[in-house]
Amino acid sequence: MYRSMIQIYVKKSDTALDFYQKAFGTKLLCKYINSDGTIAHSELDVFGQIMAVSELDEDNVITGNTMQFCLHFGEGKEDIVKKIYDVLKEDAKIICPLDKCDFSSLMVCLVDKFGVNWCVFV
């Protein structure tokens, strides 16, 4: 089986995993714990896509500062975008506030409190 996933490496991975579960209203598919209690690897089902959350190992940093995770839900799904935004906005840097734009009736771009760049829209 082939699959693609969003892989997120952050400090405080256990806190981040709970945060993303709340933001996306999702279930945990698997979780493997490091000896220090941080997360070695976990997977969430985010609207049929896999989002993996792991503890950031500062000795083996994977860079991707030009990346942004974009989630497009389609017209009529404004409630999903608003719910995700209501959680992700906590301590976030808002790049584009929740509003309409040229290509969407509702869109937001932000960098969340774990440093992950998101664009969520209908």
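Restricting to region 8-55, name every residue that is part of a loop (DSSP other than H, G, I, E, B) and of a type in the set (D, E, K, R). Write out each step before concluding.
Start the filter on region 8-55 by keeping residues that are part of a loop (DSSP other than H, G, I, E, B), which leaves 11-12, 25-26, 34-38, 47-48.
Hits for region 8-55 are K11, K12, D36.
Conditions (1) in the same structural domain as Q7 (by TED's automatic domain parsing); (2) touching a Ser or Thr at 6+ places or on another chain (Cβ under 8 Å); (3) touching a residue at least 24 places away in the same chain (Cβ under 8 Å), marked per residue:
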site: S42; (1), (2), (3): yes, yes, yes
site: D45; (1), (2), (3): yes, yes, no
site: G48; (1), (2), (3): yes, no, no
site: G76; (1), (2), (3): no, no, yes
site: Y85; (1), (2), (3): no, no, yes
site: K89; (1), (2), (3): no, no, no
site: M107; (1), (2), (3): no, no, yes
site: V111; (1), (2), (3): no, no, no
site: V122; (1), (2), (3): no, yes, yes
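For F103, state whether it is loosely packed, with under 13 Cβ neighbours inside 10 Å and not assigned by TED's automatic domain parsing to the domain that holds R3.
Working: loosely packed, with under 13 Cβ neighbours inside 10 Å: yes; not assigned by TED's automatic domain parsing to the domain that holds R3: yes.
Criteria met by F103.
Within region 25-64, which residues are closer than 19 Å to I80 by Cα and of a type in the set (G, A, S)? Before you say what the answer is, go through the steps one by one.
Just the residues of region 25-64 that are closer than 19 Å to I80 by Cα, to begin with: 25-28, 44-51.
Matches in region 25-64: G25, G48.
The values are calculated or read from the model by the stated rules, or taken from the named source; none is laboratory data. Worth saying up front: this structure is predicted, and the values here are computed from it rather than measured. As a convention, Cβ positions derive from the backbone with ideal geometry for all residues, glycine included, and neighbour counts pool all protein chains shown.
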